[in-house]
1. Of the residues 288, 261, which is touching a strand residue (DSSP E or B) at 6+ places or on another chain (Cβ under 9 Å), at positive phi, at pLDDT 95 or above and not in a helix (DSSP H, G or I)?
2. Return the total of residues in region 188-240 being within 16 Å of the ligand (Cβ to nearest atom) and of a type in the set (Ser, Thr, Tyr).
3. Considering only region 311-327, state which residues are among the basic types (Lys, Arg) and assigned to a loop (DSSP other than H, G, I, E, B).
4. Does residue 249 satisfy the criteria of being among the charged types (D, E, K, R), within 14 Å of the ligand (Cβ to nearest atom), free of Cβ contacts under 8 Å to residues at least 60 places away in the same chain and open to solvent by 20 Å² or more (accessible area, probe 1.4 Å)?
5. So which of 276, 260 is of a type in the set (Val, Ile, Thr), within 27 Å of residue 183 (Cβ to Cβ) and open to solvent by 10 Å² or more (accessible area, probe 1.4 Å)?
6. Does region 330-348 hold any residues that are touching a residue at least 60 places away in the same chain (Cβ under 8 Å) and loosely packed, with under 13 Cβ neighbours inside 10 Å, and which are they?
7. When only residues in region 292-310 that are outside any helix (DSSP H, G or I) and in contact with a strand residue (DSSP E or B) (Cβ under 6 Å, 6 or more places away or on another chain) count, which is nearest to residue 214 (Cα to Cα)?
8. Within region 301-322, does at least one residue satisfy the condition of being open to solvent by less than 20 Å² (accessible area, probe 1.4 Å), within 14 Å of the ligand (Cβ to nearest atom) and in contact (Cβ under 8 Å) with a residue 40 or more places away in the chain?
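The values are calculated or read from the model by the stated rules, or taken from the named source; none is laboratory data. Note that the structure is a prediction, hence the values are computed from the model and not measured. As a convention, Cβ positions derive from the backbone with ideal geometry for all residues, glycine included, and neighbour counts pool all protein chains shown. Keep in mind that these areas ignore ligands, DNA and RNA; they rest on the heavy atoms of the full protein, side chains included. Shrake-Rupley method; radii C 1.70, N 1.55, O 1.52, S 1.80 Å.
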Amino acid sequence: HAADALRTDLMTITRYVLNEQSKHPESRGDFTILLSHIVLGCKFVCSSVNKAGLAKLIGLAGETNVQAKKEEPITWVVYSVGEEQKKLDVLSNDVFVKALVSSGRTCILVSEEDEEATFVEPALRGRYCVVFDPLDGSSNIDCGVSIGTIFGIYMVKDFTEPTLDQALQPGKNMVAAGYCMYGSSCTLVLSTGSGVNGFTLDPSLGEFILTHPDIKIPKKGKIYSVNEGNAKNWDGPTAKYVENCKFPKEGSSPKSLRYIGSMVADVHRTLLYGGIFLYPADKKSPSGKLRVLYEVFPMSFLMEQAGGQAFTGKERALDLVPKKIHERSPIFLGSYDDVEEIKALYAAEAKN
Ligand code: P6P
């Protein structure tokens, strides 16, 4: 019966979030409704990413592509064949913006795709601010490398009159964060502040099923993940740390280098296998490359919730207070002990 119970007792992401909600009797279910719209966006993007590959493959690119018709409310997406193909990252952004606005639970949206923040019309305003990268790593689509959606969620104090500073909160104020990776399977990794759980989309059901309960990152890992091509521009502590990974002190083995160049894929591997992911500052990019609100904060939130940590080279990543919505920051995140090592190198440099 146990096996049968497993097969029929499906823990879907909706059921998981409802369980979480039941722990907060005062909750009115707004978060559950918000999350269900984010999940809808992820399902749509997953389907579009898969189709885009096919469309490109069978030469449909540029003529026929399924896409939401602009005037249709996102919840009732009506596909129309024959419309010209829209870039996947733009299409993904449209879908998430429409899904989040129509949820009636958001008041400010910050997207990697939009220069300015979106303030939701008063009639549809809700208590949450969502920051997101609808399709991070999209330059990798054509070669089939996994890409993903990254999101973070803040509560907004006075959501009837939202102001931009409500989107510029430190990462530690986030109430939830997650990513959805579009690869060989579609995996959504989520934390609502009490641990990290992974859900895999069952396409036959159209449901995300709990497949990675209570993810904990190994305390120390054997992998480092960085773009070695930037080595000549690194500062001292980063260069020293990477040197130690390759030529460790007597008696230790060198770490392996794994770098995919798609943040969601590199972070997902780091979360499951352990190790460290680095996108350091360098002489060319003194603030690094990755964006604070919708890349650094959500991944740092997840790492801390999974027992790891995240460091900017100066401070705990989640303590950072962004001044602009597309601000960048260096980031070192992953296994607790591995990040401790690079923190010690930066502390030593600060002392000199
Ligand atoms: P680089 C993808 O373009 C991205 O924003 C992240 O997904 C990824 O981690 C990073 O940039 C890769 O940057 O400079 O190593 O190609």
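1. 288
2. Residues meeting the conditions: 3.
3. Selection gives 314, 323, 324.
4. no
5. Of the residues listed, the single one that is of a type in the set (Val, Ile, Thr), within 27 Å of residue 183 (Cβ to Cβ) and open to solvent by 10 Å² or more (accessible area, probe 1.4 Å) is 260.
6. 348
7. 308
8. There is no residue in region 301-322 that is open to solvent by less than 20 Å² (accessible area, probe 1.4 Å), within 14 Å of the ligand (Cβ to nearest atom) and in contact (Cβ under 8 Å) with a residue 40 or more places away in the chain.
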